[in-house]
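Heads up: the structure comes next, in structure tokens.
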Amino acid sequence: MAIHIKGGRVIDPGHCDGMFDLYIENGKILKMVTPGAAPKDMSVDQVIDATGMLVLPGLIDMHVHLRDPGFEYKESIETGCRAAVHGGFTAVCAMPNTRPVNDNRQVTEYMIRMANQAGFARVYPAAAISVGSKGQALSEYGDLKDAGAVALTDDGLPVENGQMMRRALEYAKGFNLPIISHCEDMSLAAGGCMNEGVVATRLGLPGIPNISESIMVMRDIGLCELTGGRLHIAHVSTEESVQAIRDAKKRGVPVTAETAPHYFTLTEAAIVDFDTHAKMNPPLRTEKDRAAICQGLADGTLDVIATDHAPHSPLEKNVEFNMAANGIIGLETALPLSLKLVTDGVLTLDAMIRKMTINPASILGIPTGIREGGIADITIIDPDREYILKADELYSKSRNTPFDGWTMRGKALYTLVNGRVVYKEPS
């Protein structure tokens, strides 16, 4: 199908920012021209009027839990990918903490095959660092990369043994695969269920100190510096972690890092009513930490905005706070929450787009961008569209979001994957 996207402001960080018309055919961007300069002898099947909208490279989420295989009652690859395109994401990197764990070719290929069958967002699997994510033996990185894995992580669990993490960085370096590190000292975090501090004391809940994250960030940065392997720090939540990553980058250490919208939007105050939808790991921190996350995004210390989309059913969330599962869904709320950083002056629009497109693509080694001959993975958004988020109207199978009832601004109106409209906002 040939598609003409007209009248929009096309932004591809570092490449273009202006008014262009796009002509798409056979999954590719055939032509990118100034408005009105239509290619000769080209018939168009569909015209998308993007007047007043932003036309962006498809958003990429490099940290998503699709729960499939094994936990399909929480999410499936199909429902997760449907939620992704509803939120404007054309590609997601799926974490390996499934059942069975994605530590082998068969599970990696299954994820890709199921995503292709669903026909929504692209899925790029991250495979496990260690067999069964048990931290005892390394997985077969070469075989996993050949099957389609783009990164390695035991996310949900840290690699506690320092020697094992060193060997993982060295082994992965040979295949040019990034290690995505879940930084948590389990002995320091043991028994905790929210941030350690005044709020936890007032609520009578056991706390998790900042250092349980930052000490592992510092360890892994040291191992990255030693080995020269590619290290990516997942879901950064503390001021100390941001500072450690900033210092490492100044020394030229090949480390990148991400944070999630809940860490620059919420604080531990969201838990005052024991709301389990605000329970996650790492936990929501203090206002000082939230401000440090924003500063880390602004100065480039934090390269990526990722959702850590973690669906759970009511079985895991409608229980006592200390017994509830960690995590929230994020694919359908990330865009408006990130656009608020632009409204608030924390990020430029170009920087926000870069952290949700170019940067994750570069880390994972996957294609992106709007240019002639490139893949037509495109997100068209209305940055001024206001609406009230209703959890029961989301496309994810789960509803565990603390943002239910919030007034949001900014929405994906069209999501195109491989030149095909996979989501269109109802009129």
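What follows is calculated from the coordinates using simple rules that are stated; it is not laboratory data. These numbers were taken from a predicted model, which means no experiment stands behind them. Neighbour counts are summed over all protein chains in view; Cβ atoms, including those assigned to glycine, are modelled from backbone coordinates with ideal geometry.
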Odd one out for Val236 among (1) of a type outside the set (D, E, K, R); (2) part of a helix (DSSP H, G or I); (3) touching a Gly at 6+ places or on another chain (Cβ under 8 Å): (2)
Criterion: surrounded by 23 or more Cβ atoms within 10 Å (Cβ to Cβ) and touching a Lys or Arg at 6+ places or on another chain (Cβ under 8 Å) - qualifying residue of Ser212, Ser241, Ser237: Ser237
Yes/no for Ala115 being over 30 Å from Arg385 (Cβ atoms), small (Gly, Ala, Ser), in contact with a helix residue (DSSP H, G or I) (Cβ under 6 Å, 6 or more places away or on another chain) and buried (at least 24 other Cβ atoms within 10 Å of the Cβ): no
The stretch 64-86: number of residues that are outside any loop (DSSP other than H, G, I, E, B) and not small (Gly, Ala, Ser): 8
Enumeration of residues in the stretch 87-122 that are without any contact (Cβ under 8 Å) to a residue 40 or more places away in the chain, basic (Lys, Arg) and not in a helix (DSSP H, G or I): Arg99
Qualifying helices (runs of 4 or more DSSP H) (wholly inside the stretch 270-389; at least 1 residues being under 21 Å from Tyr124 (Cα atoms)): 334-343, 349-356, 358-364
Hits in the stretch 130-162 (condition: within 15 Å of Ile233 (Cα to Cα) and in contact with a Ser or Thr (Cβ under 8 Å, 6 or more places away or on another chain)): Leu152, Thr153, Asp154, Gly156, Leu157, Pro158, Val159
Enumeration of residues in the stretch 36-55 that are over 15 Å from Lys424 (Cα atoms), surrounded by 13 or more Cβ atoms within 10 Å (Cβ to Cβ) and out of contact with any Leu (no Cβ under 8 Å at 6 or more places or on another chain): Ala38, Val44
Residue in the stretch 15-33 that is assigned to a strand (DSSP E or B) and without any contact (Cβ under 8 Å) to a residue 12 or more places away in the chain present: yes
